[in-house]
Amino acid sequence: MARVSRGPWGAGGPGGGPDVAQFRLQSDQLDLSLISWGATLTALRLTDGHPRTQHADLVLGFSDLKGYLGKQPYLGAVIGRVANRIAKGKFSVNGEEFQLPINREPNSLHGGNRGFDKFLWSAQELPSGVQFFRISPDGEEGYPGELKVWVTYTLDGGELAVNYRAQTNKPTPVNLTNHTYFNLAGQGSPNIYDHEVSIEADAYLPVDDTLVPTGEVASVQGTAFDLRKPVNLGEQMKKFQIDGFDHNFCLKQTNEKHFCARVYHPPSGRQLEVYTTQPGVQFYTGNFLEESLKGKGGVSYPKHSGFCLETQNWPDAVNKPHFPSVLLQPGEEYNHTTWFNFSVVKK
């Protein structure tokens, strides 16, 4: 069982509101921190005592609340009501058209101008974790229906489980994920090129020049997206002359727990394995990070200095009927879990 502690983080919340709470979850293998602003994962360290793995913080983030309140690329936060892009911010439900804010021209991205990452969530300590809760009112950021959302982080040894639940009173699209940027060499390391990556996907979604899926479901065979066997990330990008990944990989379409991805860092021996109940994962290599972004300890977070494995439904599914359905109906419950399993592999 993990140890859970709670305390204030920063002097009051945004606009003089309630304090932002910080939670620390500790097991014999992991030590991590969460805050109630955006239900955000702010720090994660392996604590197995191996000389190569001590002390390094494996997630990008900020040392204080101010960094999270400013303009920043969703570091560690829960994303909603709909993660990823909705083409031109438009969709229809039962013949009624909805227009969302356009916050990443020409599309709506990660919930709009004020997505779930920009709210203070209520929080409740659990025996081995913490549960965050908020109600997204009908019409928030243009989405129909009141949505009740619970996000629960639970720590067990080297495994962090993140469960997402939601209920609505009107049909509405829902697609929740976590946007943590990992670097298994430690946050502040200049890039992720020495990481080895594999993703259990036979297909991926090609995108247009605005990064919205074209609708094609393409085989990974013979492409840069064939990550079914481990590849060195830097070598793969160089071989196929690509500037990074920001694509959905199509996983098994089952509600059962299934293997998603593995990332290994040979110099340290650190390994991350991801399992999920979701049908997709957005593999993102921090292509829009910038040298000017200063994180913990004042270090820079330049392009390709972190990676995300955003388990989720397929992007723009609300506008593509042949994609897995993203609509949640009244009386149903959205319920998905992703497991992040950290270890040290002594090769």
Could you list all residues from region 265-307 that are surrounded by fewer than 18 Cβ atoms within 10 Å (Cβ to Cβ), of a type outside the set (S, T, N, Q) and not in a loop (DSSP other than H, G, I, E, B)?
294, 297, 298
With the requirement that a residue be of a type in the set (A, V, I, L, M, F, W, C) and either under 18 Å from residue 138 (Cβ atoms) or outside any loop (DSSP other than H, G, I, E, B) (or both), what does region 327-347 give you?
327, 328, 339, 340, 342, 344
Taking the conditions exactly as written (at pLDDT 95 or above, surrounded by fewer than 17 Cβ atoms within 10 Å (Cβ to Cβ), at negative phi and not in a loop (DSSP other than H, G, I, E, B)), does residue 229 satisfy them or not?
no
List every residue pair whose Cβ atoms lie under 7 Å apart, where the two residues are 6 or more positions apart in sequence or sit on different chains, the first residue falls within region 238-259 and is assigned to a strand (DSSP E or B), and the second residue, located anywhere, is of a type in the set (D, E, K, R).
258/252; 259/200
State yes or no: is residue 90 surrounded by fewer than 18 Cβ atoms within 10 Å (Cβ to Cβ) and closer than 21 Å to residue 164 by Cβ?
no
Residue 36 fails exactly one of the following numbered conditions: (1) modelled with pLDDT of 95 or more; (2) out of contact with any Pro (no Cβ under 8 Å at 6 or more places or on another chain); (3) over 13 Å from residue 59 (Cβ atoms); (4) surrounded by fewer than 21 Cβ atoms within 10 Å (Cβ to Cβ). What is the number of that condition?
(4)
Restricting attention to region 311-347, the residues that are more than 16 Å from the chain's Cα centre (by Cα), more than 20 Å from residue 111 (Cβ to Cβ) and of a type in the set (Val, Ile, Thr) number exactly 2
Give the residues of region 205-237 that are charged (D, E, K, R) and either farther than 14 Å from residue 283 by Cα or in contact (Cβ under 8 Å) with a residue 60 or more places away in the chain (or both), sorted by residue number.
208, 209, 216, 229, 235
Taking only pairs six or more apart or across chains, which ones have beta-carbon atoms under 7 Å, a first residue in region 308-323 that is crowded, with 24+ Cβ neighbours inside 10 Å, and a second residue that is basic (Lys, Arg)?
315/85; 316/85
Could you identify the single residue in 185, 203 that is small (Gly, Ala, Ser) and buried (at least 18 other Cβ atoms within 10 Å of the Cβ)?
185
Examine region 137-152 for a residue that is closer than 16 Å to residue 76 by Cα and surrounded by fewer than 19 Cβ atoms within 10 Å (Cβ to Cβ), and state whether such a residue exists.
yes
If the Cβ limit is 8 Å and pairs must be 6+ apart or interchain, which residue in region 270-298 that is under 19 Å from residue 210 (Cα atoms) pairs with which residue that is among the polar types (S, T, N, Q) and in a loop (DSSP other than H, G, I, E, B)?
282/84; 286/305; 289/305
Hey, residue 66 assigned to a helix (DSSP H, G or I), surrounded by 16 or more Cβ atoms within 10 Å (Cβ to Cβ) and of a type in the set (Lys, Arg) or not:
no
Residue by residue through region 69-122, note down the ones that are touching a residue at least 40 places away in the same chain (Cβ under 8 Å) and among the β-branched types (Val, Ile, Thr).
78, 79, 82, 86, 93
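The values are calculated or read from the model by the stated rules, or taken from the named source; none is laboratory data. These numbers were taken from a predicted model, which means no experiment stands behind them. Reconstructed Cβ throughout: ideal geometry from the backbone, glycine too, with neighbour counts over all protein chains shown.
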